[in-house]
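Asker: Below is a structure I'd like to ask you about.
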Amino acid sequence: MSAKDRNVWILLIFILSGLVIGGLLGQVAANVDALSWLSYGESFGLPHPVELDLNVITITFGFMLKINIASILGILIAIFAYKKIG
């Protein structure tokens, strides 16, 4: 594994961490009047899981992404931190 491959994985971990932490902060901010704008967002994905029954095995597919302003800010901060560290 080259250094470039490791850098991509580290960047992905930073972005996912920023997304999760930002999403959590957005949910907490929804209860604070001055910060409620951070919780504004949308949901994308499959609202109901899709099931594939092959008679021997059943596979269920589902994906839902809830993104809000705080999670976008978290991603931007994570990218900025990655550039400063790396």
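Asker: Looking at the stretch 22-47, which of its residues are surrounded by 13 or more Cβ atoms within 10 Å (Cβ to Cβ), under 19 Å from residue 63 (Cα atoms) and hydrophobic (A, V, I, L, M, F, W, C)?
Answerer: 24
Asker: For the stretch 29-86, name all the residues that are over 21 Å from residue 14 (Cβ atoms) and either among the hydroxyl-bearing types (Ser, Thr, Tyr) or in contact (Cβ under 8 Å) with a residue 24 or more places away in the chain (or both). Working first, answer last.
Answerer: Of the residues in the stretch 29-86, the ones over 21 Å from residue 14 (Cβ atoms) are 29-37, 39-40, 42-64.
Once the filter is applied, which keeps residues that are over 21 Å from residue 14 (Cβ atoms) and either among the hydroxyl-bearing types (Ser, Thr, Tyr) or in contact (Cβ under 8 Å) with a residue 24 or more places away in the chain (or both), the stretch 29-86 yields 29, 36, 37, 39, 40, 42, 43, 58, 60.
Read the figures in this text as sums done on the coordinates, not as results from a lab. Bear in mind the structure is a predicted one, so any value in this text is a computation, not a measurement. Reconstructed Cβ throughout: ideal geometry from the backbone, glycine too, with neighbour counts over all protein chains shown.
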